[in-house]
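Read the structure below first, then the notes.
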Amino acid sequence: MGAPFFSRDLGDGISLGLRTLDTVAELQQLAVQNLDRLRLWEPWAQFDQSLESTRAYTEFELGRFVRGEVVPVVMYDGAVAVGSAGLKIDPSAGNAELGYWIDASSEGRGIVTRTCAALLEHASALGIRRVEIRAATENARSIRVAERLGFEREGVLRQALQVGDRRLDLALYARLL
Ligand SMILES: CC(C)(COP(=O)(O)OP(=O)(O)OC[C@H]1O[C@@H](n2cnc3c(N)ncnc32)[C@H](O)[C@@H]1OP(=O)(O)O)[C@@H](O)C(=O)NCCC(=O)NCCS
């Protein structure tokens, strides 16, 4: 049996690769460069992003990938990492949740939407029937991604997101597969 793997060619030089230990240095650098904007919406970005913490998180995610609990991917433009996404899976319920962020300079090109579309196709192939996206009600760009992908807003989880000293309302979006 070969090593578990995931990769996709999304066209126009954009591709997805599995978030392996080879990606640690590049993703850590990308996260540090984007920390100010990531801190607006991402709880994990409240903490310093060191090589050690990025490596530990990558190892944790790879362990969960092997158990079928997450598909953690890196988005590439050519050979350059430009973002990160993940499909978190609840195998027993047949549900999953999408998360994503992208480098400021690659925003607005549809890379995240295409990444999520590929992960949705993969989710469907795995037998997952429901995928959620949770985005702060103020996070217009993330909400546009969900709506562009045909997710429906199911409600608002009041003050469910703690980012720094703010508690934000989270919009719950879902798509049935
Ligand atoms: C949220 C986030 C990932 C969205 O990234 P994005 O670049 O806006 O999303 P996409 O890659 O799908 O790009 C969409 C834009 O590309 C355009 N586009 C161009 N080609 C496209 C294509 N082939 N397919 C879809 N959209 C395309 C769309 O019209 C849209 O334009 P707009 O910005 O004027 O609305 C990004 O803003 C981000 O990293 N934010 C910080 C972290 C964060 O908030 N993460 C989510 C937490 S819930």
**Message:** So, Val32, is that one of a type in the set (Val, Ile, Thr), closer than 27 Å to Ala140 by Cα and out of contact with any Cys (no Cβ under 9 Å at 6 or more places or on another chain) or not?
**Reply:** yes
**Item:** Condition met for Val82 (within 13 Å of the ligand (Cβ to nearest atom), in contact with a strand residue (DSSP E or B) (Cβ under 7 Å, 6 or more places away or on another chain) and not small (Gly, Ala, Ser))
**Value:** yes
**Message:** So, in segment 163-177, exactly how many residues are under 18 Å from Ala96 (Cβ atoms) and either in contact with a Phe, Trp or Tyr (Cβ under 6 Å, 6 or more places away or on another chain) or surrounded by 15 or more Cβ atoms within 10 Å (Cβ to Cβ) (or both)?
**Reply:** 7
**Request:** Return the residue satisfying two criteria in turn: it lies in segment 108-132 and is near the ligand (Cβ under 7 Å from one of its atoms) and of a type in the set (A, V, I, L, M), and of such residues it is nearest to Ser84 (Cα to Cα).
**Result:** Val112
**Number of positions in segment 115-144 that are assigned to a helix (DSSP H, G or I), under 24 Å from Gly164 (Cα atoms) and open to solvent by less than 50 Å² (accessible area, probe 1.4 Å)** = 2
**Prompt:** Which of the residues spanning segment 148-162 are surrounded by 14 or more Cβ atoms within 10 Å (Cβ to Cβ), near the ligand (Cβ under 10 Å from one of its atoms) and not in a loop (DSSP other than H, G, I, E, B)?
**Reply:** Leu161
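Filtering segment 137-174 down to residues that are of a type in the set (Ser, Thr, Tyr) and in contact (Cβ under 8 Å) with a residue 40 or more places away in the chain, which residue is nearest to Leu38 (Cα to Cα)?
It comes out as Ser142.
The values are calculated or read from the model by the stated rules, or taken from the named source; none is laboratory data. In this text, all values refer to a predicted model and were calculated from it rather than measured experimentally. Positions of Cβ are backbone-derived with ideal geometry, glycine not excepted, and every protein chain shown enters the neighbour counts. With ligands, DNA and RNA removed, areas are computed over all heavy atoms of the protein, side chains included. Shrake-Rupley method; radii C 1.70, N 1.55, O 1.52, S 1.80 Å.
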